[in-house]
Amino acid sequence: MNSLKLKNSFLLLLTAFIWGIAFVVQDSGGDAIGPFTFNCLRAFIGGIVLLPTIKILDHAGLTYMKPKTKKEKKTLIIGGISCGIALFIASNIQQLGLYFGASAGKAGFLTACYIIIVPILGLFFGKKCGLNIWIGVCFSLVGLYLLCIHGSFSLTFADTLLLLCALAFSIHILVVDHFSPLVDGIRLSCIQFWTSAICTSIAAIMNCLHNLTSINNWILLLYAGILSCGVAYTLQIVGQKGLHPTVASLLMSMESVFSVLAGWIILGQTMSAREICGCIFIFVAIVLAQIPMKKKITV
């Protein structure tokens, strides 16, 4: 693996780590102030944080794909709006799934099902996967099941929402995969947040803004807005550049592992032997997906 892919893989693992902790934040924050209000404000915060970041990077000469021509600006705007709409749909369906009572375990498993949806959708766009990646997907699904599902598996309305959320996040990953090599990643991320925030604000206003006087609620919002949105989704766009979308989805599926670890450390929840085995399966899946094959077998 070359140094660029190694760096980008690390960025996606960092993204998964931030999202894993954000899962606990989303669950509490959505219940406290309402799912649409929470998602609207976190997206606005993410967009606001990136505005000075873009200025600082431009001033330091660290922006490598700053749009100069009308065509480049048009591509950036179309890409940002496309990513933003996909993010708006995916994040709000996920938040609604949590709001309507999906357990954290099922939510983690069902959301992370994008690891199998991405390669299937990718086949329609000519993105074939090596056999090692498909094996990695299978290992990862087994790991997620061991990690997140306990007892009988039955689908409720909330679970169905989370399956739709997995489909929406799969589309988001593929949209990012298309536009990230063409434009400046931070500008693309900034536009996607403002797009998602504006779209969500309509639902938030209809649902009424409330419960924003609590300091604890603002702490949850600031984490979700600055780190989960502003940092993590931007790292996703930068990190996906040059990586196969299925490999990227496998790396980001580590968010389910980190969410369990966050619950263990922050909330004092313990991990069973079954959950530890699930973590090991997912780690093996990621290693398998990253190993270059001498004779590449694609499916």
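The values are calculated or read from the model by the stated rules, or taken from the named source; none is laboratory data. Keep in mind it's a predicted model, so treat the numbers as computed, not measured. Cβ sites come from the backbone with ideal geometry, for glycine too, and all protein chains shown count toward neighbours. When the accessible area is computed, the model is the full protein with side chains, heavy atoms only, and any ligands, DNA or RNA have been set aside. Shrake-Rupley method; radii C 1.70, N 1.55, O 1.52, S 1.80 Å.
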Pairs with Cβ under 6 Å, 6+ apart, first in region 179-199 and within 17 Å of L57 (Cβ to Cβ), second part of a helix (DSSP H, G or I) and among the hydroxyl-bearing types (S, T, Y): V183/T75; I186/T234; S189/Y233; S189/T234
Odd one out for G108, checked against (1) under 22 Å from E275 (Cβ atoms); (2) out of contact with any helix residue (DSSP H, G or I) (no Cβ under 9 Å at 6 or more places or on another chain): (2)
Residues that are of a type in the set (A, V, I, L, M, F, W, C), modelled with pLDDT under 70, farther than 23 Å from L98 by Cβ and surrounded by fewer than 11 Cβ atoms within 10 Å (Cβ to Cβ), drawn from region 250-299: V299
Residue tally, condition surrounded by fewer than 16 Cβ atoms within 10 Å (Cβ to Cβ) and β-branched (V, I, T), over region 55-69: 2
Qualifying position, being assigned to a helix (DSSP H, G or I), surrounded by fewer than 21 Cβ atoms within 10 Å (Cβ to Cβ), at pLDDT below 90 and β-branched (V, I, T), among I219, I237: I219
Residue check, L162 open to solvent by 30 Å² or more (accessible area, probe 1.4 Å), of a type in the set (A, V, I, L, M) and assigned to a helix (DSSP H, G or I): no
Out of G151, G126, sole residue that is part of a loop (DSSP other than H, G, I, E, B) and more than 22 Å from C277 (Cβ to Cβ): G126
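For G80, are the conditions met, namely being over 21 Å from Y223 (Cα atoms), buried (at least 20 other Cβ atoms within 10 Å of the Cβ) and not basic (K, R)?
It is true that G80 is over 21 Å from Y223 (Cα atoms), buried (at least 20 other Cβ atoms within 10 Å of the Cβ) and not basic (K, R).
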Test: L87 is in contact with a Ser or Thr (Cβ under 7 Å, 6 or more places away or on another chain), in contact (Cβ under 8 Å) with a residue 12 or more places away in the chain and open to solvent by less than 40 Å² (accessible area, probe 1.4 Å): yes
Within region 1-54, considering residues that are buried (at least 19 other Cβ atoms within 10 Å of the Cβ) and among the polar types (S, T, N, Q), the one nearest to the chain's Cα centre (by Cα): T15
